[in-house]
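These notes concern the structure reproduced below.
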Amino acid sequence: MPESPYPMLPVSEALALVLEQAQPLPPAQVPLAEALGRILAEEVVAEQPLPPFPASVKDGYAVVAQDGPGEYPVVAQVTAGQAPDFRLEAGQVAYITTGAPLPPGADAVVPVEETEPLGGDGQPRVRIHARVRPGQDVRAVGVDVAAGQPVLAPGERLGPAELGLLATVGRSQVWVHPRPRVAVMSTGDELVEPGQPLGPGQIWDSNRTMLLAAVREAGGVPVDLGSSGDSQAELEAKVQAGLAQADVLLTSGGVSMGDLDLIKPLLEHAGQVHFGRIRMKPGKPLTFATAQVDGRRRLVFGLPGNPVSSLVTFYLMAVPALRKLAGWSRPELTRIQARLAQPLPLDPERPEFHRATLVWDDGERCFWAHSTGSQASSRLLSMRSANALLELPQDQGELPAGSWVHARLIGELGAGN
Ligand code: AMP
Ligand code: MG
């Protein structure tokens, strides 16, 4: 059997190489509606205080606190969005709603629950029951955000709360690291589009659908390049098209040792191959290359053809790369510990990434890792409802049930399992 010329790199070394090549994409300014999930590339400072005026916290009456309980004329009303054009004098109150500016002269608000409207024609009057201190139920200028206060720092990930903060300080645009564009192509003469009938020797292309979805889930912009037959010319054209329009190119198939495994030589030609084999199961033939196009570095992952191998290597290598391009400072998959719900066999040749569903046990205070069953690299059912890849050491024999193992998260923990 011919030996591969590529050394088999340990996973950690391979990942270090990938992350060294993946550098954050240059920042761009985007509207807030496009900024969810992006990493901030600027410091955001509030130019104005919030609230910009002393604002009522309750519906009630603006008062002079010193006046105390008693009966008072209601001389005006201020609702949210108005600017009071009068001054409240001692012995007067003004009806006020939540969020409305406190009129000058007033220094507190008595909630409506502590008052009683009094009948009568002409000017309305109200009985105030409660004694309030100055400042009560009033948000002073700048209590929530002071003028000049930094509210977000570069490197922060923008979720709903952070976008809300941007809007709070009046921003409609923000500098972020953009989403990486990721082109996806399948390779193989045997592949047929789902929905088309299968001929002899053919299978439906599952990897492209799966990887395009995985790219989207990982925060990338997927670009569908379609599928290529195993001809040098067709593969080369698609690879070039991918390199021209995306930051990252994912190919699947054609990286093992067969005669029609043309991807590695093609990538050697198009750029630089950093590794062509990796010590892991599944996913040994994973290939990683870079190419310089229009003065920009493109990353290429030659993912194995077997669906499980291609998705597992995508999670372990491509997801951290996409995160790094997107500006994440800690791009690795989250690693936690879990206990085996059943014994698992070990592989004496390579560390294995065993697919499992982690379920929290409140009594034992641990996650139990339930294997997804047969781990054949062609059996996509072994990825079904998996939320973790268990890092099983390369060894003889098996790990008994109850053993603690490290697990890399690839999905949501908790509800839904
Ligand atoms: P290869 O690496 O091209 O030799 O492919 C390894 C195995 O994965 C073969 O059984 C292929 O038929 C299968 N395979 C390759 N690409 C795909 C794909 N896009 N969808 C489903 N199976 C695939
Ligand atoms: Mg193939």
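The values are calculated or read from the model by the stated rules, or taken from the named source; none is laboratory data. Please read all numbers here as calculations on a predicted model, not as lab measurements. For neighbour counting, all protein chains shown are included, and Cβ atoms are generated from backbone atoms with ideal geometry for every residue, glycine included. To get the accessible areas, we keep the full protein, side chains included, count just its heavy atoms, and leave off ligands, DNA and RNA. Shrake-Rupley method; radii C 1.70, N 1.55, O 1.52, S 1.80 Å.
At 222 nm, what value in deg cm²/dmol follows for the chain if DSSP H runs of at least 4 each add -39500 (n - 2.57) and the sum is divided by all its residues, to the nearest 500?
-4500 deg cm²/dmol
Roughly what % antiparallel, to the nearest 5, for the DSSP beta bridges in the chain?
Bridges in the chain are about 70 percent antiparallel.
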(message) Between Gln173 and Val141, what is the label-point separation in nm under the 7 Å Cα-to-beta-carbon projection?
(response) 3.0
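Over region 275-415, calculate the relative contact order: mean separation of alpha carbon pairs under 8 Å at least 6 apart, over the residue count, as a percent.
The value is 25 percent.
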(message) With the cut-off at 1.5 for a/c, could you classify region 319-380 from its C-alpha gyration tensor as rounded, prolate or oblate?
(response) oblate
(request) Quick one: compute the contact order of region 177-314, relative version, from alpha carbon pairs under 8 angstrom and 6+ residues apart, as a percent. (result) 24
(request) At 0.36 nm per residue, minus the direct Cα-Cα distance, what do Ser385 and Gln77 gain on full extension? Give it in nm, one decimal, please. (result) 105.0 nm
(request) Between the alpha-carbon centers of region 43-60 and region 297-357, tell me the distance in whole angstrom. (result) 46
(request) Run the dipole for region 314-354 about the Cα centre, Lys and Arg Cβ at +1, Asp and Glu Cβ at -1, nothing else charged, and hand back the magnitude in debye, nearest 20. (result) 280
(request) Would you mind computing Rg(Cα) / (2.2 N^0.38 Å) for region 201-278, counting N as its residues? (result) 1.12
(message) Need one number: nm distance between label points at Glu236 and Glu398, each 7 Å from Cα along Cα→Cβ, rounded to one decimal.
(response) 5.1
(request) Identify, among Asn387, Ala318, Pro343, the residue whose Cα sits farthest towards the positive end of the charge dipole of region 261-388, taking +1 on the Cβ of Lys and Arg and -1 on the Cβ of Asp and Glu, with the dipole about the Cα centre. (result) Ala318
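Averaging sequence separations of C-alpha pairs under 8 Å and six or more residues apart, then dividing by the length of the chain, give the relative contact order as a whole percent. Write out the running numbers ahead of the final one.
On the way: 982 pairs, mean separation 63.5, N = 417.
Relative contact order for the chain comes out at 15 percent.
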(message) I'd like the orientation of helix 11-21 relative to the chain: the angle between its Cα long axis and the longest Cα principal axis, in ° from 0 to 90, rounded to 10.
(response) 60
(request) Give the residues of region 265-305 whose amide nitrogen is closer than 14 Å to a point set 7 Å from the Cα of Ala28 in the direction of its Cβ. (result) none
(request) Give the cross-link partners of Lys284 among the lysines, using a straight C-alpha distance below 28 Å as the criterion and excluding same-chain residues fewer than 8 apart. (result) Lys238, Lys264, Lys324
(request) For region 183-294, report the accessible area per residue in Å² (1.4 Å probe, heavy atoms, rounded to an integer). (result) 42
(request) Give the shape of region 260-339 as rounded, prolate or oblate, defined through the alpha-carbon gyration tensor: a ≥ b ≥ c are the square roots of its eigenvalues, a/c under 1.5 means rounded, and otherwise the shape is prolate if a/b is larger than b/c and oblate if not. (result) oblate
(request) Would you please give the FRET efficiency between Gln66 and Ala161, computed as 1/(1 + (r/R0)^6) with r the Cβ-Cβ distance and R0 = 51 Å, to the nearest 0.05? (result) 0.85
(request) Treating cross-link reach as a plain straight distance, find the aspartates and glutamates whose alpha-carbon is under 17 Å from the alpha-carbon of Lys58, omitting any fewer than eight places away in the same chain. (result) Asp107, Glu113, Glu114, Glu116, Asp137, Asp144
(request) Enter the angle in degrees (range 0 to 90, nearest 10) between the Cα long axis of helix 232-245 and the first principal axis of the Cα atoms of the chain, meaning the one along which they spread out most. (result) 20
(request) Can you find, among Leu50, Ala270, Leu102, the residue farthest towards the positive end of the dipole of the chain? Put +1 on the C-beta of Lys and Arg, -1 on that of Asp and Glu. (result) Ala270
(request) Give me the orientation-averaged projected area of the Cα convex hull of the chain, in nm², one decimal. (result) 29.9
(request) Please give the FRET efficiency for Glu89 paired with Glu113, using the beta carbon to beta carbon distance and R0 = 35 Å, rounded to the nearest 0.05. (result) 0.90
(message) Once neighbouring chains are kept in place and the probe is 1.4 Å, which whole percent of the accessible area of the chain is contributed by carbon and sulfur?
(response) 51
(request) Within region 145-201, list the GluC sites (Glu not before Pro) lying in a DSSP loop whose Cβ has at most 14 other Cβ atoms in a 10 Å radius. (result) none
(request) Take the chain, connect every pair of alpha-carbon atoms lying under 10 Å apart with a spring to form a Gaussian network, then pick out the residue of Pro200, Pro54, Pro320 with the largest mean-square fluctuation. (result) Pro200
(request) Mind computing the radius of gyration and Dmax over the alpha-carbon atoms of region 94-145? Å is fine for both. (result) 12.8, 44
(message) What three numbers, in Å, describe the spread of the alpha carbons of region 271-417 along their principal axes, ordered from the longest?
(response) 57, 32, 23
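Near Ser377, within a Cβ-to-Cβ distance under 10 Å, what is the net charge of the other residues, with Lys and Arg +1 and Asp and Glu -1?
+3
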